[in-house]
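To keep things clear, I will list the structure first and then write my remarks on it.
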Amino acid sequence: QVQLVQSGGGVMQPGRSLRLSCATSGFNFMNSAMHWVRQSPGKGLEWVALISYHGRTTYYADSLRGRLTVSKDFSSNSVFLHVASLRLEDTATYYCARSAAGFNFFDFWGHGSVVIVAS
Amino acid sequence: VIRMTQSPSLLSASTGDRIYISCRMSQDITTHLAWYQLKPGEAPKLLIYAASALQRGVPSRFNGSGSGTDFTLTISCLQSEDFATYYCQQYHSLPYTFGQGTNLEIK
């Protein structure tokens, strides 16, 4: 049974940093690229980050480049997203999602972590 | 950046209806297109990948078609559980992008 269990999020102040976690099970983590996708209130989905199956390559959305760091921990089959210098517009539900190596559509998703940036 | 135009943004339909959602690309993406279903409080669900391949476990009333720049999601014989928001996504090139979404509501 595939599971992506997300944690982190909450109400954060502008300028602070945030770390979101996604613990996975039920699929081959070693052969999976992992992604983060967010949905701002009342808006559509936005892809924000990718880490390759081996963890050595990352890609970020241009709008967030420089403030994001995505990482993998193979010992716990988990993926993490660090967002620095939070802005009001970072308020969103953040989803982790998997794609099998070599494929870039998202076949498994977490339930989302709600992040609210407010002073 | 590949731009996507998804339409309609809002669609009202009744159970048993057949509906169509369109997704148009700003450039040729061959068949690197997926469709997802979103319901509040649930994890998004992959329906279709490679433009027309049905994800395992997805009912056959969901059908994807198209290639190049024009794609369609067809849902035949709508069921109550199908009322949700639908998104297309291109994975032809980074940054991966999504359509604006279609909110399918009960008429």
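Could you please state how large a percent of the accessible area of the protein assembly as shown is carbon and sulfur, counting protein chains only and using a 1.4 Å probe? It is 48 percent, rounded to a whole number. In this simple spin-label approximation, residue B:80 and residue B:15 carry label points 7 Å from Cα along the Cα→Cβ vector, and these lie 0.5 nm apart.
Ellipsoid semi-axes for segment B:48-92, based on the Cα gyration tensor and the rule √(5λ), read 19, 11, 10 Å when sorted largest first.
Please work out the Kirkwood hydrodynamic radius for the protein assembly as shown, using every pair of different C-alpha atoms, and report it in angstroms with one decimal place. Present the calculation step by step, with values, prior to reporting the outcome.
Numbers: mean 1/r = 0.0559 Å⁻¹.
When all Cα pairs of the protein assembly as shown are included, the Kirkwood radius is 17.9 Å.
Got a sec? Which residues of segment A:37-58 lose 40 Å² or more of accessible surface with every protein chain in place, vs. that chain alone, 1.4 Å probe? By number: A:45, A:47. Dividing the alpha-carbon radius of gyration of segment B:1-96 by the rule-of-thumb value 2.2 N^0.38 Å gives 1.03.
Legend: no residue in segment A:1-34 is shielded by at least 40 square angstrom of accessible surface upon adding the remaining protein chains to the isolated chain (1.4 Å probe, heavy atoms). The residues of segment B:1-73 have, on average, 49 Å² of accessible surface per residue, using a 1.4 Å probe with all protein chains present.
Candidates B:89, A:91, B:55 compared by Cα position along the dipole of the protein assembly as shown: farthest toward the positive end lies A:91, with charges placed on Cβ.
Given Cβ point charges of +1 (Lys, Arg) and -1 (Asp, Glu) and nothing else, what value in debye, to the nearest 20, does the dipole of chain A about its Cα centre take? Walk me through the numbers on the way to the answer.
Working: 10 positive and 6 negative charges, 41 e Å.
The dipole magnitude comes to about 200 debye.
Pairing chain B with chain A buries about 1600 Å² of accessible area. This figure sums both sides and uses a 1.4 Å probe.
Accessible surface comparison of A:30, B:25, probe 1.4 Å, protein chains only, largest first: the order is A:30, B:25.
The values are calculated or read from the model by the stated rules, or taken from the named source; none is laboratory data. Just so it is clear, the model here is predicted, and its values are computed rather than measured. Note: ideal-geometry Cβ built from the backbone for every residue, glycine included; neighbour counts use all protein chains shown. Side chains are part of the model used for accessible areas, which takes the heavy atoms of the whole protein and leaves out ligands, DNA and RNA. Shrake-Rupley method; radii C 1.70, N 1.55, O 1.52, S 1.80 Å.
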